[in-house]
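See structure below.
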């Protein structure tokens, strides 16, 4: 890292990450959704390895902070869910299929509108190149995708905090088809008790039930449309800080 002055700095980094298969992705037994859809795991599934290179510029001044990053990530043994249609039944299995080379830009920012009101946002765009083959089937393709998030946080009387989060993820190609775009709105409430030793968190996820996942596979041999929705749900949690420290102020949203 290098600091030009009190306002601007630049950082460069490299990391290598491993992403292991989830337990249910390794389970070889069938999960029958209905008479026409079957899901099964793959006990031979291998972990993904990702080499990541990143260059970041950071700007901080008074009420504003802004960072912009360009990155390149190369992943091997990419795990993809592949559907096979036979005898009018669709069987979906996770498989290791080739590599993924991703080049992208990420911008994050924070601005304090008032002492009681803060805005946070991030935007991510990337271009990817997929290469892979399985059982003499070529899975090479390329595409792009983007996502955005805006969080508005309010400090209210009586140590109460409120936040509203807007999320959007664009339509994106996958190994066999296209997955639809997905917008959503989340709410979070946080109440500090006993001078911050106890924090109560209440979250409402997907307030308007708009987080819908649609996937279309348009193959030479079959056409498959799938639709799923988790729906609105509520989370609640309590955290306690030991010693002289305060409890964690986590609002219940998913960490990225």
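Nothing in this text is a laboratory measurement; each read-out follows from the coordinates by a stated rule. Quick caveat, the model's predicted, so the values are computed rather than measured. Cβ placement follows ideal geometry from the backbone for every residue including glycine, while neighbour counts extend to all protein chains displayed.
Exposure proxy shown here: for 69, 1, 57, the number of other Cβ atoms within 10 Å sets the order, fewest to most, as 1, 57, 69.
For the chain, the convex hull spanned by the alpha carbon atoms encloses 169 Å³ per residue. Over all distinct Cα-Cα pairs of region 157-256, the Kirkwood formula returns a hydrodynamic radius of 16.0 Å. Summary of the geometry: region 142-163 and region 95-118, compared by the centres of their Cα atoms, lie 12 Å apart.
Taken along the Cα-to-beta-carbon direction at a fixed 7 Å, the label points for residue 235 and residue 81 span 2.1 nm. If the chain linking residue 180 and residue 223 were pulled fully straight, counting 0.36 nm for each residue of separation and taking away their Cα-Cα distance, it would gain 13.9 nm. FRET efficiency for the pair residue 35 and residue 64, taken as 1/(1 + (r/R0)^6) with r the Cβ-Cβ distance and R0 = 51 Å, rounds to 0.35. If R0 is 45 Å, the Cβ-Cβ spacing of residue 198 and residue 138 corresponds to a FRET efficiency of close to 0.20. Quotient of the Cα radius of gyration of region 80-205 and 2.2 N^0.38 Å, N being its number of residues: 1.54.
With Rh defined as the Kirkwood radius, the inverse of the mean 1/r over Cα pairs, the Rg/Rh of region 1-77 is 1.31.
Straightening the chain between residue 15 and residue 173 buys 54.3 nm, computed as 0.36 nm per residue apart minus the Cα-Cα spacing.
Rg to Rh for region 29-119: what is it, with Cα atoms only and Rh by Kirkwood?
Numbers: Rg = 21.8 Å, Rh = 17.2 Å.
In region 29-119, Rg relative to Rh is 1.26.
Between residue 55 and residue 122, the FRET efficiency estimated from the beta carbon spacing at R0 = 22 angstrom works out to 0.85.
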